[in-house]
Amino acid sequence: MSEDDYVYYNGRKLRKGYTTGTTATAASVAATKAILNQELQTDVSVHAANGQKVQFEIHNCSFDGQKASVAITKDGGDDQDATDGMLIYSTVQLRNDNQITLDGGKGIGRVTEEGLANQPGMAAINPTPRKMIKQSVRRVLGPDKGADIVISAPEGEKVAKLTYNPKLGIVGGISILGTSGIVTPMSEESWKHSISIEMNIHRKRGDESIVLTPGDMGEDFAKNELQIPVAKQVQMSNFVGYVLKEVQRLGFHKVLIVGDMGKLIKVSGGIFSTHSKDADARAEIMVANLALMGAPTDLLKKVYNCLTTISMIKLINEAGYQKVYQIIADKIKLRSEKLLAHRKPTVEIDAVVFSSKVGLLAATQPIKEIEAQWQ
C-alpha cells in the first residue's frame with residue numbers, strides 16, 4: 001500500500017477504507033464481467049469516485065448465461081464504521097435493450113421522507129454511487145447491451161439500526177453512500193452531512209423551529225423532563241457552531257438548545273466545537289463566572305481543580321453560588337445568537353442546562369414557558 005492509503009490523526013497512522021458505494025460498484029463490475037466472460041471472478045479493479053484505482057477480492061461469485069451475483073466485503077479501513085466487514089452483493093441480469101436500471105434489494109433501505117437526495121420510494125443509493133455504478137457497468141457492457149442491477153446486503157436491516165438511517169426516515173436497511181468513494185478514518189464530514197440531512201427533513205416538513213441536543217443525555221432530558229417529543233429534536237453532537245450555521249442556512253427561525261452543563265458551558269465561553277480534543281476550558285469558564293460574582297478565592301481554587309463538571313456543581317451548590325448557572329445559560333444564548341448575528345434569517349435561541357446528577361440547573365426562559373412553547 002502507498003502512503004496515499006493512510007491518514008494521520010492525533011499522531012496515529014490510520015488506514016483508509018472504501019465506501020459502500022465503491023464496494024457496490026466493484027461488485028457490479030465483477031458480476032457484469034462474470035456474465036460476459038462466462039467465468040468466475042476472483043478479484044476486480046475499479047475507480048472510486050475521486051479517480052483512485054482500487055482493487056477488491058471477491059468472496060462469492062455465481063453466474064449463468066444471463067445473470068450473475070457477486071459479493072464483496074465492505075472494508076472501512078481503520079474507521080469506526082457500522083458497515084465495516086459486511087457483505088455487499090450485486091446481482092446483474094442482462095436486458096434485451098441497452099438500458100441500465102439500478103435498484104436496492106434485501107438489506108438496502110428505502111426512502112420515506114422528503115428532503116433526502118433520493119425521492120420517497122427509491123432505494124437509498126445516493127447520487128454519486130448511483131452514477132458510479134451505472135457508469136462503471138456501462139464501460140464493461142459497451143453501448144449496445146443493457147442490464148438490471150440490484151444491490152443487496154443480507155445484514156443490512158440489522159446494521160442499519162446502528163446508523164443514522166432510522167432518524168432520516170430510511171427503512172429496511174443501510175444506505176449506499178460515498179462522495180469520494182474513499183473512507184477517511186476519524187473524518188467528521190459524513191457525520192456533519194447526516195445531521196444536515198436530518199435537519200433538512202424537518203424543514204421539508206414545514207418546521208421553522210428545532211430542538212438541538214449534544215447527544216442521548218440531552219435528548220432524554222428534553223423528552224422525559226420537558227416532555228418535548230424526540231420527533232422535534234436533532235442531535236448535533238460536538239458540532240455546535242456548524243449546526244447553528246446550518247440552522248440559519250436552512251431557514252429555521254427558533255432554536256432550543258438542551259444539554260448537560262459539561263458540554264454547554266463551553267458554548268458560553270464561545271467554544272463551538274465542544275469535543276475535548278478541540279477545547280476543554282470548563283474549569284476556566286466556571287471560575288471566571290464565579291469570580292465575577294465575587295466568589296472567594298478558596299472556592300475558585302477548589303472548582304478549578306475539579307476533574308468533572310459534576311464535582312464543580314457539588315462545590316458550587318454547597319457554597320450557595322447556584323446563580324452562576326443562570327449566568328452561563330444566558331451566555332450560551334448570547335454567544336449563539338452573536339454567532340449568527342450578521343446573516344439572515346434572524347434566529348431566536350433559548351437554552352436549557354442540566355446536570356445528570358442534579359437535574360435542571362437553569363434556562364433562558366421560565367421552564368414552564370419553554371415547556372409550553374416546545375411540547
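Laboratory data are not the source of any read-out in this text; all were calculated from the coordinates shown. The structure displayed is predicted, hence computed values, not measured ones. Cβ: placed from backbone, ideal geometry, glycine included. Neighbour counts: every protein chain shown.
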Pairwise centroid distance, computed over Cα atoms, of segment 62-129 with segment 271-308, Å: 50 Å
Of all alpha-carbon pairs in segment 24-85, indicate the percentage at a distance above 19 angstrom. 34 percent
Using +1 on the beta carbon of Lys and Arg, -1 on that of Asp and Glu, and nothing else charged, what's the dipole of segment 179-219 about the Cα centre, debye to 20? 200 debye
What base-10 log of the normalised intensity I(q)/I(0) is obtained for segment 35-161 from the Debye formula, alpha carbons as equal point scatterers, at q = 0.10, 0.13, 0.21 Å⁻¹? -0.34, -0.58, -1.53
Where the only charges are on Cβ atoms (+1 Lys, Arg; -1 Asp, Glu), what is the dipole of the chain about its Cα centre, to the nearest 20 debye? 640 debye
Across every pair of different alpha-carbon atoms, what Kirkwood hydrodynamic radius in Å does segment 92-207 reach? 15.2 Å
Between Tyr304 and Ser356, what is the FRET efficiency for a Förster distance of 22 Å, r being their Cβ-Cβ separation, to the nearest 0.05? 0.55
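So if I take the alpha carbon set of segment 204-249, get Rg, then get Rh from the Kirkwood formula, what is the Rg over Rh ratio? Write down the numbers at each step before the final one.
Working: Rg = 10.9 Å, Rh = 11.1 Å.
Result: Rg/Rh = 0.98.
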If the chain between Met293 and Asn50 were fully extended at 0.36 nm per residue, the gain over the current Cα-Cα distance would be 82.0 nm
For segment 317-363, would you read off the P(r) tail past 13 Å as a percentage of all alpha carbon pairs? 61 percent
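Could you work out how much longer the chain between Leu334 and Lys277 gets when fully extended? Use 0.36 nm per residue separation minus the Cα distance between them, nm to one decimal.
So the chain would gain 18.1 nm between Leu334 and Lys277.
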Between Lys204 and Ala319, what is the label-point separation in nm under the 7 Å Cα-to-beta-carbon projection? 5.1 nm
Pairwise FRET efficiency - Lys131 versus Ala341, Cβ, R0 = 41 Å, nearest 0.05: 0.55
Once you have the Cα-Cα distance between Thr42 and Val171, take 0.36 nm times their residue separation minus that, and quote the gain in nm to one decimal. 43.2 nm
Report, as a whole number in µm² per second, the diffusion coefficient that Stokes-Einstein gives for segment 44-119 at 20 °C and 1.002 mPa s using the Kirkwood radius over alpha carbon pairs. 140 µm²/s
Specify which residue in the list Ile310, Ala341, Ile100 is farthest towards the positive end of the charge dipole of the chain, using unit charges on the beta carbon of Lys, Arg (+1) and Asp, Glu (-1), about the Cα centre. Ala341
Rounding to the nearest 20 debye, state how big the charge dipole of segment 24-85 is about its Cα centre with +1 on each Lys and Arg Cβ and -1 on each Asp and Glu Cβ. 340 debye
Filtered trypsin sites (Lys or Arg not before Pro), segment 62-164: DSSP coil and at most 12 other beta carbons within 10 Å: Lys161
Computed from every Cα-Cα pair in the chain, P(r) in 20 Å bins starting at 0 and rounded to whole percents is 26, 45, 24, 5, 0
When all C-alpha to C-alpha distances in segment 271-375 are sorted into bins of 10 Å, what percent of pairs does each bin hold, rounded to whole numbers? 13, 40, 33, 12, 1
In terms of the ratio Rg/(2.2 N^0.38 Å) built on C-alpha atoms, what value belongs to segment 144-251? 1.27
Taking a straight Cα-to-Cα line shorter than 14 Å from Lys277, and setting aside same-chain aspartates and glutamates fewer than 8 residues away, one finds Glu188
Label-to-label distance, nm, for residues given as Glu371 and Ile327 (7 Å Cα→Cβ offset): 2.9 nm
Set Lys131/Lys344; Lys106/Lys161; Lys192/Lys333; Lys223/Lys254; Lys106/Lys131 screened for pairs whose C-alpha atoms are more than 25 Å apart: Lys131/Lys344
Among Met217, Val137, Gly172, whose Cα lies farthest out toward the positive end of the dipole of the chain, if unit charges sit on the beta carbon of Lys, Arg (+1) and Asp, Glu (-1)? Met217
